[in-house]
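Single-structure report; data block below.
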Amino acid sequence: MARSSSLTEAEAGITCYASSSLPGFRGVLKHRYSDFIVHEVARDGSVTRLTSFDLPDECVDVKEEDKAAPSADADHSQALESFRALCGDADCDALKGLLERVSGGGESDVSPVILSPDADKAHRSEVHNFFKRSFKFLVTDTVEHSDGVKRCIRVRLGSGAKEGRSGGGRSGGGRGRKRKNMGSSDWRDDRPFDSRGSTTWPIHVGKFLRFHLYKENKDTQDALGVIGKMLGLQSRSFGFAGTKDKRAVTTQQVTVFKVSANRLAALNNRLYGIKVGNFSYVKEGLVLGQLMGNRFTITLRGVVAESEDIIKPAVEGLGKNGFINYYGLQRFGSGAVPTHLVGAALLRGEWKTAVNLILDPREGERDDIREVREHYKEHSDIDMALRNFPRHLVAEKAILQCLKKLPGNYLQALKGIPRTLRMMYVHSYQSYLWNHAASIRVEKYGISQVVEGDLVYSKESPPSKATSVDTSEPYDDQINSSDIDLCSEALPEEIIHNAKIVDSEDLLKGLYSFEDVVLPLPG
């Protein structure tokens, strides 16, 4: 039976109003995507807007000639002999064949070369460094053999060399991240390769390019996927503080590692519904949660009310009492399985349940996609599902591709989902718990006053008496699971505000109002 995708406010924990005594009115939100305009507010309080396409003053002069493909008459005999002494005859012959295909100019023939299994980490490092010195137009990474145990070095043509052969100037070179379960029969040359940027980056320039991303009617991940494909980078190369609504016009900050501003600016003429600008080089990349908030400009259409006399006090009540800062329904999935259910299954370690929640049929989806889901559920035909699922179903396709290689390994299948998407499932469940906690607080004590036991931002000094609370989005090291690698990077806790528990003395002083009340995000 198909599952309904229309999550109600009550099911997401949204049950209370700040102005419950007013009758209120109804209207249509996001009738057009341009009715919902979002500007990210950075940690320093600045509002993110796209105001300039100018390049930064710092000059990044990356030497592309170092990564250009060699000419047909290039002599690599000396380097090959050094490589033979380092890795042996078989690997040397394989590398020689790769160089011949590269020099021949046959782009379609330049498939990766997998060197012999190598259990010596120090020796593998020496091999990587050899290629950095001797063959800058080639890139290497360490992968697991198809047996899941042995480790091998993969050698392939860098993206800069490919671009050079076609007259472009893309930055390639360097080592990518390790990839698992990629035996010699599993290579996919059409997949973007994260080269980790230029190897000749100037010392005086920050290693991350920060830019403002403007998008219309697109998910943050989709927009960065388009940009990444044009640059030859994977989506994980980009860092951002928060995912913005799809059905909206949004502007937010994004960072990318070792990419020059001119490369990114050159894409603007080829992008549709996406623009990038306000470039600057910074020392650190963005991660989820590094924002103060978002500024919204919202247009309501189709307003229905008994009279204008009802609308006016409702608007005035909003201005006077504000609103309960619930996580909205878009946080829990739009036209898909409620993401908080997947997050709950992940945190319980119920891998198969989480996979089924993502793959199962649901109402409200296109008929052709729903038919594919139903056929898969009945027949477990992975090949048919992979052929017919559209590209935007990233999680579904990633799960199926892994289950095809490792039947029944649901944990590994979940690890195949891009990390940012995995984290969104968990964040969704945290938001679900927060909404319920906020509703219980309002139902029990109302909004007219602060009560003893409330948590508030401290207005007193010294701050040493206050409890430090991280009010940002949950970071990766806060995921309490030893089995699934929901994350790979940890960020030190940043104290944004000091919070304290209200006591009887605070109530006598009258320092705090309901607007000061906060709730921690469960983590």
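Pick from GLU365, GLU396: which is in contact (Cβ under 8 Å) with a residue 60 or more places away in the chain and surrounded by 13 or more Cβ atoms within 10 Å (Cβ to Cβ)?
Criteria check complete, one pass: GLU365.
Taking ILE417, is it assigned to a helix (DSSP H, G or I) and either over 30 Å from GLY446 (Cβ atoms) or modelled with pLDDT of 90 or more (or both)?
Criteria not met by ILE417.
Would you pick out the residues in region 194-210 that are part of a loop (DSSP other than H, G, I, E, B), basic (Lys, Arg) and at pLDDT 75 or above?
LYS207
Would you mention how many residues in region 343-362 are among the basic types (Lys, Arg) and open to solvent by less than 40 Å² (accessible area, probe 1.4 Å)?
1
Within the group LEU50, LEU22, LEU29, which residue is touching a Leu at 6+ places or on another chain (Cβ under 7 Å) and not charged (D, E, K, R)?
From the options LEU50, LEU22, LEU29, the qualifying one is LEU29.
Please enumerate the residues belonging to region 382-405 that are within 25 Å of the chain's Cα centre (by Cα) and of a type in the set (Asp, Glu).
Across region 382-405, the qualifying residue is only GLU396.
For residues that are over 24 Å from the mean Cα position of the chain (by Cα) and surrounded by 12 or more Cβ atoms within 10 Å (Cβ to Cβ), scanning just region 42-56, find the one that is farthest from ILE274 (Cα to Cα).
Among those residues, the one meeting the criterion is PRO56.
Just name the residue that is most open to solvent (accessible area, probe 1.4 Å) out of those in region 95-124 that are closer than 15 Å to ARG154 by Cβ and either over 39 Å from the mean Cα position of the chain (by Cα) or without any contact (Cβ under 8 Å) to a residue 40 or more places away in the chain (or both).
PRO117
Among (1) assigned to a loop (DSSP other than H, G, I, E, B); (2) farther than 25 Å from ASP219 by Cα; (3) among the basic types (Lys, Arg), where does ARG391 come up short?
(2)
The values are calculated or read from the model by the stated rules, or taken from the named source; none is laboratory data. The model shown is predicted, which means the values in this text are computed figures rather than measured ones. Quick reminder, even Gly has a Cβ in these numbers, built from the backbone with ideal geometry, and neighbours come from all protein chains shown. Heads up: the accessible areas ignore ligands, DNA and RNA and are worked out on the full protein's heavy atoms, side chains in. Shrake-Rupley method; radii C 1.70, N 1.55, O 1.52, S 1.80 Å.
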